[in-house]
1. Return the single residue from A70, A35, A62 with maximal mean-square fluctuation; model: Gaussian network over the chain, springs between Cα atoms under 10 Å.
2. Looking at the chain, which longest stretch skips every one of the trypsin sites (Lys or Arg not before Pro) that is in a DSSP loop with at most 11 other Cβ atoms within 10 Å, leaving the sites themselves out?
3. Please list, in order along segment 41-51, the HN-Hα scalar couplings obtained from phi with the Karplus expression 6.51 cos²θ - 1.76 cosθ + 1.60 (θ = phi - 60°), rounded to whole Hz, x for Gly and Pro.
4. For a quick check, take a GNM of the chain with Cα springs below 10 Å and name the residue from E41, E29, E49 with the largest mean-square fluctuation.
5. How much net charge surrounds P72 when only the other residues with a Cβ under 14 Å from the Cβ of P72 are counted, with Lys and Arg +1 and Asp and Glu -1?
6. For the chain, state the semi-axes of the equivalent ellipsoid (square roots of 5 times the eigenvalues of the alpha-carbon gyration tensor), sorted largest first and rounded to whole angstrom.
7. Residue-wise, which Karplus ³J(HN,Hα) couplings in Hz belong to segment 19-24, taking 6.51 cos²θ - 1.76 cosθ + 1.60, θ = phi - 60°, and x for glycine or proline?
8. Calculate what fraction, in whole %, of the accessible area of the chain sits on carbon and sulfur atoms when a 1.4 Å probe is rolled over the protein chains.
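The values are calculated or read from the model by the stated rules, or taken from the named source; none is laboratory data. Note that the coordinates shown come from a computational prediction; the quantities given were computed from them, not determined experimentally. Backbone-built Cβ (ideal geometry, glycine too); neighbour counts: all protein chains shown. Just the protein is used for accessible areas: all its heavy atoms, side chains included, with ligands, DNA and RNA removed. Shrake-Rupley method; radii C 1.70, N 1.55, O 1.52, S 1.80 Å.
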Amino acid sequence: MKTKPRTVKKGRVRKIIRPIHPSLPEQAEIEIHDADHLYREIRIENKLEDEHGKKVKLKEHAEVNVVVEADPKATTPADN
């Protein structure tokens, strides 16, 4: 099986954002350490699964890895 081109960036959960309405999902705000200053934070739904398929959530200040993967057709060779 071919692997997709990817990079892994270290990050930290800055805060957990509680929904303002019960129908909205809880979010985790993640600070990506190596990102540009103005684009450092991302927000994702705070909903993960562990290795057994059990639903889990991120905690504030948790260290995380952010993985970016792309289809090989969506990439070009890098200039060295």
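1. For the chain, modelled as a Gaussian network with Cα springs under 10 Å, the answer is A70.
2. By the stated rule (loop sites, at most 11 other Cβ atoms within 10 Å), 3-53.
3. 9, 10, 10, 10, 5, 7, 8, 10, 10, 7, 5
4. E49
5. +2
6. 27, 17, 12
7. x, 7, 9, x, 7, 8
8. Values: 3630 of 7070 Å².
Exposed carbon and sulfur together represent 51 percent of the surface.
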